[in-house]
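Read through the structure below, which is laid out as structure tokens, and then see the notes.
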Amino acid sequence: MTDHLAARLFAPLALTAIGALAVLLLVLLKGDLCPGQRRRISDGLMSVWAVLGLSLMLAVEARVPVLVLWWGGLTLALGIGVLVYQARLAGKRSLSLQWQLPALVLAGGLGVWLLFRVGPAAIFMLGAGGCVFAHLIMVRAKHRLQAFNLILPVVGVSCALGMILVLLVQTAGESDPVTLDALILPFGQLCGVVLLSALVWLWPVFRKEATSAPVLAVASLLIVSALTLGQGIIGQL
């Protein structure tokens, strides 16, 4: 039972961390940020590495190839090492993004491996999980890039819906009636969780209110739950 749960959680959590890393580094690269915002968002990358570390611990239980574990461990060590060094800088100073480049390249390689392992749905898992987790970190960092409070929810929810569509297409090619019957309940749960997460995540947008960290924490939990359900469906297929 533990191995089964670990296998379902490993890929969604790893893809969420890699997607959030890509979004946050893009924000740091292109965003009009003051030194304080830049430092707070950079420090928020520690949460990304923590989630990636958790996924690697689950990967051990899921019996992922040793080479992938070493690859992920090296990625984690490089990413955390940069943040530990940055923590020694005085004031609001932060390191150049070039320092994050080695870890980003290795994380990208891990993401490519997950794409081959999980299939096309991994692209949408990456987008949905990455957007919601990056949004949470940015709000906790008190960012002022208001456009991202609309862009990230819209892109994230669209990716979650795209994952459902991909899984429906894959299920349409299944000919075993027993398997199809077994997928009815998981698909119903997946659609329900995605709908609920979309309502929670987009509610501040509809109300034209500031997005709060507790709301995004709930949205993140729901999105990761949806990704886990999706991974379970992929396993049954």
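The values are calculated or read from the model by the stated rules, or taken from the named source; none is laboratory data. Every value quoted in this text rests on a predicted model; they were computed, and no experiment measured them. Methodologically, a virtual Cβ is constructed for each residue, glycine included, from the backbone with ideal geometry; neighbour enumeration extends over all protein chains shown. The accessibility values were calculated without ligands, DNA or RNA, using every heavy atom of the protein model including side chains. Shrake-Rupley method; radii C 1.70, N 1.55, O 1.52, S 1.80 Å.
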Quick check on my filter: what residues within segment 57-71 are open to solvent by 30 Å² or more (accessible area, probe 1.4 Å) and either touching a residue at least 60 places away in the same chain (Cβ under 8 Å) or among the hydrophobic types (A, V, I, L, M, F, W, C) (or both)? MET57, LEU58, VAL60, ARG63, VAL66, LEU67, LEU69, TRP70, TRP71
Condition met for ALA172 (open to solvent by 30 Å² or more (accessible area, probe 1.4 Å), closer than 20 Å to VAL27 by Cβ and of a type outside the set (Asp, Glu)): no
List every residue pair whose Cβ atoms lie under 8 Å apart, where the two residues are 6 or more positions apart in sequence or sit on different chains, the first residue falls within segment 202-217 and is surrounded by 16 or more Cβ atoms within 10 Å (Cβ to Cβ), and the second residue, located anywhere, is in a loop (DSSP other than H, G, I, E, B). PRO204/ALA210; PRO204/THR211; PRO204/SER212
Go through the residues of segment 131-142 one by one and say whether even a single one is at negative phi and open to solvent by 70 Å² or more (accessible area, probe 1.4 Å). yes
Just one of the numbered conditions (1) over 25 Å from ALA219 (Cβ atoms); (2) at pLDDT below 90; (3) under 19 Å from the mean Cα position of the chain (by Cα) is not true of ALA141; which one? (1)
Tell me, yes or no, whether segment 86-93 has at least one residue that is in contact with a Leu (Cβ under 8 Å, 6 or more places away or on another chain), at pLDDT 85 or above and surrounded by 15 or more Cβ atoms within 10 Å (Cβ to Cβ). no
Report whether or not LEU78 is in contact (Cβ under 8 Å) with a residue 12 or more places away in the chain, under 19 Å from LEU115 (Cβ atoms) and in contact with a helix residue (DSSP H, G or I) (Cβ under 6 Å, 6 or more places away or on another chain). no
Checking the condition over 16 Å from the mean Cα position of the chain (by Cα), modelled with pLDDT of 90 or more and assigned to a helix (DSSP H, G or I), which residue from VAL166, VAL112 passes? VAL166
Might you let me know whether segment 97-114 holds any residue that is within 26 Å of LEU5 (Cβ to Cβ), open to solvent by 50 Å² or more (accessible area, probe 1.4 Å) and free of Cβ contacts under 8 Å to residues at least 40 places away in the same chain? yes
Tally time: how many residues in segment 1-56 are open to solvent by 30 Å² or more (accessible area, probe 1.4 Å), within 20 Å of SER94 (Cβ to Cβ) and either of a type in the set (Ser, Thr, Tyr) or not in a helix (DSSP H, G or I) (or both)? 3
